[in-house]
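Read the structure below first, then the notes.
Please treat every number below as a calculation from the coordinates, not as lab data. Fair warning: this is a prediction, and the values are worked out from it, not measured in the lab. Positions of Cβ are backbone-derived with ideal geometry, glycine not excepted, and every protein chain shown enters the neighbour counts.
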Amino acid sequence: MATAKHWIAGARLRTLPAAVAPVLVGTAVAVYDDSSVWWKALLALVVSLALQVGVNYANDYSDGIRGTDDERVGPLRLVGSGLATPAAVKRAAFLSFGVAAVAGIALAATTAWWLLAVGAVSVLAAWFYTGGSKPYGYLGLGEVMVFIFFGLVAVVGTTWVQTERWGDIGWASVAAGTGVGALACAILVANNLRDIPTDTVSGKITLAVRLGDRRTRGFYAVLVGVSAAAVVVLAALTSWWALLGLGFLLPATRAARIVLGGAGGPALIPVLQQTGIAELGWAVLAGLGLVLA
């Protein structure tokens, strides 16, 4: 029971901020445009949550069968620890992707059928992050895909299915997607910074492994700066009330101090939590500003 709770706690660090934040702020942009549709926002949340859960299970399965998690420092993994069989974790991944597909089909049927292509690409990206013979997560491309799919696509898609138009509001959603996407990347950067020693041994060539310890820490700080700049751009495109989003810097600064201070191994685990709080804070505070406006 204790190990299961440990896995669930670790999964929450990765799942909730990255899944909820894009839908919150994407819907807030739609509210600012007087175009929000609550049931479409709810469907978008189901898609986002199901994809994130599916990604977690898929990574657990693929890394586990490769032996990447045999000497893991961070939160427990199901396959690597023997807590669950690979087949069970794989089924859970595909069940999650199935839930995302059903909710996505409902959105496409009531909005535009070309969204099915976006959904299909999103599921493929989720699986092949660590799955398949040549996973792109092992080639240093994980951060790029997280920024695209759990930043830009998630936020812009949430806004678009409700407003069904582009214009200035579309660019506002791009700014919002950039902000939460940069912090979603920062979570992955901190995770991979912690795992540089074990990933190097197992042959998992993440971006952190490519950059090395010092430059990875600098990259984390750059991502926090990009997210702060995105708040300002969003405010310039909408209302200065959106500057409330800069409140995310409180937890983000604490996390950046740990990263830039040279912490390693288990000492970096709190950075994942603080960065997740920062991402959720970005979305809630900036979104609150847009609603007030």
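Karplus-based coupling profile of segment 110-117, in residue order and whole Hz: 9, 10, 7, 5, 5, 5, 4, 5, with θ = phi - 60° in 6.51 cos²θ - 1.76 cosθ + 1.60 and x standing for Gly or Pro. Name all residues of segment 26-58 having a backbone nitrogen under 14 Å from the label point set 7 Å from the Cα of Arg165 along its Cα→Cβ direction, giving them as ranges. Inside the label zone: 30-36.
Take the Cβ atoms of Val144 and Ala106, set R0 to 22 Å, and the FRET efficiency comes out at 0.15. Ranking Ala30, Leu83, Leu139 by Cα position along the charge dipole of the chain, where only Lys, Arg, Asp and Glu carry charges on their C-beta atoms, puts Leu83 farthest toward the positive end. Where in segment 171-186 does the label zone of Val232 land, with the point 7 angstrom along Cα→C-beta and an amide N cut-off under 19 Å? Only 172-183 pass the distance filter. Dividing the helix sum by the residues of the chain, where each DSSP H run of 4 or more adds -39500 (n - 2.57), gives a mean residue ellipticity at 222 nm of -25000 deg cm²/dmol. Based on C-alpha pairs under 8 angstrom that are at least 6 apart in sequence, segment 2-292 has a relative contact order of 24 percent. For the chain, the residue among Ala18, Phe94, Thr216 whose Cα projects farthest onto the positive side of the dipole built from Cβ charges is Thr216. The charge dipole of the chain, taken about the Cα centre with unit charges on the Cβ atoms of Lys, Arg (+1) and Asp, Glu (-1), comes to about 540 debye, rounded to the nearest 20. Once the convex hull of all Cα atoms in segment 2-292 is built, its volume per residue stands at 112 Å³. Using alpha carbons only, how many angstrom separate the centre of segment 136-178 from the centre of segment 90-119? Comparing the Cα centres of segment 136-178 and segment 90-119, I get a distance of 17 Å. Lysine pairs, Cα distance under 30 Å, 8 or more residues apart or cross-chain: how many in the chain? Final tally of qualifying lysine pairs is 6. Here, segment 209-265 has an Rg and a Dmax of 13.8, 41 Å when only alpha carbons are counted. For the chain, modelled as a GNM whose springs connect Cα atoms under 10 angstrom apart, the maximal fluctuation among Val118, Val161, Val180 occurs at Val118. Comparing Ala19, Ala84, Ala58 in a Gaussian network model of the chain (Cα springs below 10 Å), the most mobile by mean-square fluctuation is Ala84.
Label-to-label distance for Thr253 and Val201 is 3.8 nm, based on points extended 7 Å past Cα in the beta-carbon direction.
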